[in-house]
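Asker: Sharing a structure with you now.
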Amino acid sequence: MAKNKIYPFAVASVRAMENKLLTKQKLMQMAEAKNAEEALRLLADTDYGKTQVRDVHDFEEMIQNNLEESYESIQKLIPNETFMNIFLFKNDYHNIKVLIKEEISDVSGRKFMVKGGTLPIEDIRRHFRERNYSELPYIGRSVEEAIDVYAKTKNGRYVDTILDKACFRNMTAAAKKLGNEFVIKYIRRLADVTNLKTLLRIRETRRSEQELLESIVPGGDLDTEMLLRAFKSDSATAVLKDTAHGVLCESYMDQGFTVFEKACDDYLMDFVKDAKYKTLTPEPVVAYILAKETEAKCVRIIMTCKLHDIDEETIKERVREAYV
Amino acid sequence: MSNLISGEFLALLGGALAALFAGIGSAKGVGIAGEAAAGVVSEDPNKFGQVLLLQALPGTQGIYGLLIAFIVMVKVGLLSGSMAELSVVQGASIFAACMPIAFVGLISGISQGKAAAAGVMLVGKKPSELAKGMLFAAMVETYAVLALLVSFLMLNGIQI
């Protein structure tokens, strides 16, 4: 993708597709529904209704199919493998984590696997079972490493950290190859936000510095040293307030992990919202992918909360900022 | 080489450049707007009529270029079959008169194409706002018209 290449067709299609995104009102309506069944009925009235499910517990299938369809339509709009891979890698890594854990724990992880990776689920499963790493482009080497380390340490945490790191390495490399400034910035921000969340989680659960060091993903603006200093200091906010993400840390970091996690999602959404005013460059397409992923997350939060009879207000608090 | 720089040649070169650059501008502009239009129609075929209007807007620069080229050809008598004898000064003047529409046509055509593409996206999102989308793109037209006017008046003023 050349720097100045324009994509009128893709952007215009995405603009038209944005009309089908769930609005904040729709999500709020779902949150206000009497029970999970009613929320599901509301969901079925939207674009998600293409997948018919009988049981309310199968809502995940609706989300997955809808998300996969979106990835596919974007893939058709911008037939550039590197571009799409940036957003699909995380699904591959998620699937491979499920597979490794499935093997370790002997519990079927089939229902935890997600569609929309660079490789179809069945292919990943088959190649992984046969230890055919060369058939797993991009991810093969890190999978091998994760399994080796697990064999030595018997600690599942390393599987996660190794794969997370590999995922960000791949995303950063792909973004660089693509050369689009917006995508590069977005991935950097994503890495930073991920690290900040890790930092807070490890702090809140009072685990060790070592663990933080092992979990930091590459590719962000905040370096390991800075994160470590924030971790060791009494007030992480004080250390981080002068960084690029100072506002985020200052306003939300002291309010607990759930609040911070939501703030991080909103922070990323805020960043891509600028794309609303771009007309020819690929920014709106990136924003659409994030919007769709966030939407899926919101629907998942609402449905899960509804199934567990969590009250309206709590659900509304957890629902993320919408793109439209 | 010396007889190449004759009044006749300069005049024709001016006319050719007017048609050439303004045409390129329009072709690019209509192309960009057309891609965007196809993108919207791919999601909602009912919007074809609306977006077609917007796609056509950047096409005018090419017509202006053609118009100026035509006037040049009539002026030098190319179309009537007996070309007038032109001095180098006369030829160069005609050449100069053609420049406004050539360059403004090129740039404004592309710019208008982008504005029209944005208008197409506006219609894709909010179909009721067609008029506003057209207005934004039409603003660019002002400058193409001004350039046309300058080229036209200059050509008119040159005595042969």
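Asker: What aspartates and glutamates does A:Lys316 reach when the alpha-carbon gap must be under 12 Å and sequence neighbours fewer than 8 apart in one chain are set aside?
Answerer: The qualifying aspartates and glutamates are A:Glu32.
Asker: Buried accessible area for the B:A pair, summed, 1.4 Å probe, in Å² rounded to 100? Spell out each step's value before the answer.
Answerer: Working: alone 8290 and 16120 Å², together 23170 Å².
Protein heavy atoms only, the B-A interface buries about 1200 Å².
Asker: Oh, and also: For region B:1-73, what is the per residue volume of the convex hull drawn over the alpha-carbon atoms, in cubic angstrom? Spell out each step's value before the answer.
Answerer: Values: hull volume 4.9 nm³, N = 73.
Each residue corresponds to 67 Å³ of Cα convex hull volume.
Asker: For peptide B:26-37, how many partner chain Cβ atoms fall within 10 Å of a residue's Cβ, on average?
Answerer: Details: counts 0, 0, 0, 0, 0, 1, 5, 2, 2, 8, 11, 3.
Shielding by partners across B:26-37 averages 3.
Asker: On to the next question. Name the residues of region A:5-36, by number, that are at least 40 Å² less accessible with every protein chain in place than in the isolated chain; the surface is that of heavy atoms, probe 1.4 Å, without ligands or nucleic acids.
Answerer: At a threshold of 40 Å² (probe 1.4 Å), the residues of region A:5-36 that become less exposed are A:Pro8, A:Phe9, A:Ala12, A:Arg15, A:Ala16, A:Asn19.
Asker: As an exercise, identify the trypsin sites (Lys or Arg not before Pro) in region A:32-96 lying in DSSP coil whose Cβ has no more than 16 other Cβ atoms within 10 Å. Can you show the working numbers first?
Answerer: On the way: sites: A:Lys34, A:Arg41, A:Lys50, A:Arg54, A:Lys76, A:Lys90; in loops: A:Lys34, A:Arg54.
For trypsin sites (Lys or Arg not before Pro) across region A:32-96 that sit outside H, G, I, E and B with at most 16 neighbouring Cβ atoms in 10 Å, the list reads A:Lys34, A:Arg54.
Asker: Continuing with this model, one more query. Treating each Cα of region A:237-277 as an identical point scatterer and ignoring solvent, apply the Debye formula and state log10 I(q)/I(0) at q = 0.34 Å⁻¹.
Answerer: Log-scaled intensity ratios, in q order: -1.08.
Asker: Next question. Can you grab the distance from the C-alpha centre of region A:265-324 to the C-alpha centre of region A:1-54, Å, no decimals?
Answerer: First find each Cα centre; the distance between them is then 10 Å.
Asker: Okay, moving on. Dividing the alpha-carbon Rg of region A:56-143 by 2.2 N^0.38 Å yields what? The partial results should precede the final answer.
Answerer: On the way: Rg = 13.6 Å, N = 88, 2.2 N^0.38 = 12.1 Å.
It is 1.13.
Asker: Something else about it: Could you report region B:7-157's accessible area per residue, 1.4 Å probe, as an integer in Å²? Write out the running numbers ahead of the final one.
Answerer: Values: 6800 Å² over 151 residues.
That works out to 45 Å² for each residue.
Asker: In addition: For region B:7-157, give the percent of accessible area contributed by carbon and sulfur heavy atoms, probe 1.4 Å, rounded to a whole number. Show your work: numbers first, answer last.
Answerer: Values: 5160 of 6800 Å².
Carbon plus sulfur share of accessible area: 76 percent.
Asker: If packing is taken as the mean number of other Cβ atoms within 10 Å per residue, what is the order of A:171-182, A:9-20, highest first? Show your work: numbers first, answer last.
Answerer: On the way: A:171-182: 18.4, A:9-20: 23.7.
Sorting A:171-182, A:9-20 by mean packing, highest first, produces A:9-20, A:171-182.
Asker: Would you calculate a helix-derived [θ] at 222 nm for the protein assembly as shown, using -39,500 (n - 2.57) for each DSSP H run of n ≥ 4 and dividing by the full residue count, to the nearest 500? Please report the intermediate quantities before stating the final value.
Answerer: Values: 21 runs with 348 residues, N = 484.
So the helix-based figure for the protein assembly as shown works out to -24000 deg cm²/dmol.
Asker: Cα-Cα pairs above 24 Å in region A:188-281: how many percent?
Answerer: That tail contains 19 percent of the Cα-Cα pairs.
Asker: What accessible area per residue comes out for region A:80-179, rounded to a whole number of Å², with a 1.4 Å probe?
Answerer: On the way: 4990 Å² over 100 residues.
Accessible surface, normalised per residue, equals 50 Å².
Asker: Continuing with the same structure: At q = 0.10 Å⁻¹, what base-10 log of I(q)/I(0) does the Debye formula yield for the protein assembly as shown when every alpha carbon is treated as an equal point scatterer in vacuo?
Answerer: -0.86
Asker: Sticking with this structure for a sec: For chain B, build the convex hull from the C-alpha positions and give me its volume per residue in Å³. Walk me through the intermediate numbers first.
Answerer: Numbers: hull volume 16.7 nm³, N = 160.
Cα convex hull per residue, to the nearest whole number: 105 Å³.
Asker: Follow-up. Let me know the mean shielding of B:114-127 by other chains, meaning the per-residue number of their Cβ atoms within 10 Å of its Cβ.
Answerer: Working: counts 4, 1, 1, 7, 8, 1, 6, 12, 2, 3, 9, 8, 2, 1.
Across the residues of B:114-127, the mean count of other-chain Cβ atoms within 10 Å is 5.
Asker: If you line up the Cα atoms of region A:119-197 on their principal axes, what length do they span on each, largest first, in Å?
Answerer: On the principal axes, region A:119-197 reaches 39, 26, 17 Å in Cα extent.
Asker: Continuing with this model, one more query. Which whole-Hz couplings ³J(HN,Hα) result when phi for each residue of region B:19-24 is put into the Karplus expression 6.51 cos²θ - 1.76 cosθ + 1.60, θ = phi - 60°, listed in order with x for Gly and Pro?
Answerer: Per residue, the Karplus-derived 3J(HN,Hα) values read 5, 5, 5, 4, x, 4 Hz.
Asker: Moving to a separate point now. With a Cα-only, solvent-free Debye model of region A:232-324, what are the log10 I(q)/I(0) values at q = 0.10, 0.13, 0.15, 0.18 Å⁻¹?
Answerer: -0.35, -0.57, -0.72, -0.90
The values are calculated or read from the model by the stated rules, or taken from the named source; none is laboratory data. These numbers were taken from a predicted model, which means no experiment stands behind them. Ideal geometry is used to build each Cβ from the backbone, glycine not excepted, and the neighbour counts take in all protein chains shown. Note: areas computed on protein heavy atoms with side chains; ligands, DNA, RNA excluded. Shrake-Rupley method; radii C 1.70, N 1.55, O 1.52, S 1.80 Å.
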